[in-house]
Amino acid sequence: MRIEILIAGRGGQGILLLGHILGAAIAKYTNLHVLGSEIYAAETRGGDSRVDLVVADREEEADFIKVVRADIALFMHQLQLDAYESLVKDGALVFIDRSNVTSVPRRNWRVYIEPYTDIAEKEVGSGRVANVVALGHLVKTTSIVSPEAVEKAIAETVPKEWVDLNIKAFRYFLAR
């Protein structure tokens, strides 16, 4: 088994943190192998931000750190959807932040469109955790890693004062 995951958005949306949490949860708490790479612009806010994760059950299958044909994709901004949609294969699971994406291409994808940023602001209390709201949706839908593993990775990764809020954000879709 080999799964390619593409996570993309703008600087300031927590894309790199999301990728780190997901990758750490899979690597530490499953028997799967994970390779990852990050691409980000020099700007702190607003530039391109992307994480590629390759997950495999055998080490030799995790042989290339870049996504070539994503099985799972998460797009948090329109610009990245436009830029990277060609990397997503037919039949892929695609998660889209309706708060920041206005036009979804007609492709043969299984698409989940939710307002992750709006949910984070209105339901969780901070737009800064929209990435983790989206992560909760992705984990619930794909079952690639257990929610408990992700919560452990959150507690190990984010600053202490942000752990509870991030776990609350992560659980939003798990409770639905």
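Restricting attention to the stretch 103-111, does a residue exist that is farther than 17 Å from Glu4 by Cβ, hydroxyl-bearing (Ser, Thr, Tyr), touching a residue at least 12 places away in the same chain (Cβ under 8 Å) and in contact with a helix residue (DSSP H, G or I) (Cβ under 6 Å, 6 or more places away or on another chain)?
Looking for residues that are farther than 17 Å from Glu4 by Cβ, hydroxyl-bearing (Ser, Thr, Tyr), touching a residue at least 12 places away in the same chain (Cβ under 8 Å) and in contact with a helix residue (DSSP H, G or I) (Cβ under 6 Å, 6 or more places away or on another chain), one finds none in the stretch 103-111, hence no.
Out of all the residues in the stretch 130-166, which are over 15 Å from the mean Cα position of the chain (by Cα) and farther than 18 Å from Lys28 by Cα?
Correct list: Pro159, Lys160, Glu161, Trp162, Val163, Asp164, Leu165.
Report, by residue number, each residue of the stretch 72-92 that is part of a strand (DSSP E or B) and surrounded by fewer than 19 Cβ atoms within 10 Å (Cβ to Cβ).
Lys89, Asp90, Gly91 - these are the residues of the stretch 72-92 that are part of a strand (DSSP E or B) and surrounded by fewer than 19 Cβ atoms within 10 Å (Cβ to Cβ).
Please work out if Ser37 is polar (S, T, N, Q), touching a strand residue (DSSP E or B) at 6+ places or on another chain (Cβ under 6 Å) and surrounded by 15 or more Cβ atoms within 10 Å (Cβ to Cβ).
No.
Here's a check for you: in the stretch 140-176, which residue that is of a type in the set (Val, Ile, Thr) and free of Cβ contacts under 8 Å to residues at least 40 places away in the same chain is surrounded by the fewest Cβ atoms within 10 Å (Cβ to Cβ)?
Only one residue tops the list, namely Val163.
Would you point out which residue out of Asn100, Asn131 is of a type outside the set (A, V, I, L, M), crowded, with 18+ Cβ neighbours inside 10 Å and part of a helix (DSSP H, G or I)?
Asn131
Identify all residues within the stretch 5-31 that are in contact (Cβ under 8 Å) with a residue 40 or more places away in the chain, outside any helix (DSSP H, G or I) and either more than 17 Å from Val88 (Cβ to Cβ) or over 12 Å from the mean Cα position of the chain (by Cα) (or both); write none if there are none.
Answer for the stretch 5-31, where residues must be in contact (Cβ under 8 Å) with a residue 40 or more places away in the chain, outside any helix (DSSP H, G or I) and either more than 17 Å from Val88 (Cβ to Cβ) or over 12 Å from the mean Cα position of the chain (by Cα) (or both): Arg10, Gln13, Gly14, Thr30.
For residues that are farther than 17 Å from Ile72 by Cα and basic (Lys, Arg), tally how many sit in the stretch 1-33.
2
Quick one: which of Val68, Val55 is hydrophobic (A, V, I, L, M, F, W, C), crowded, with 20+ Cβ neighbours inside 10 Å and either within 22 Å of Lys28 (Cβ to Cβ) or more than 16 Å from the chain's Cα centre (by Cα) (or both)?
Val55
Of Ala130, Ala73, Ala92, which residue is touching a helix residue (DSSP H, G or I) at 6+ places or on another chain (Cβ under 6 Å) and not acidic (Asp, Glu)?
None of the others qualify; the one that does is Ala130.
Would the stretch 34-57 turn up any residue that is part of a helix (DSSP H, G or I) and out of contact with any Lys or Arg (no Cβ under 6 Å at 6 or more places or on another chain)?
no
Coordinate-derived values only; no laboratory data. What you are looking at is a predicted structure, and each value in this text was computed from that prediction instead of being measured. Methodologically, a virtual Cβ is constructed for each residue, glycine included, from the backbone with ideal geometry; neighbour enumeration extends over all protein chains shown.
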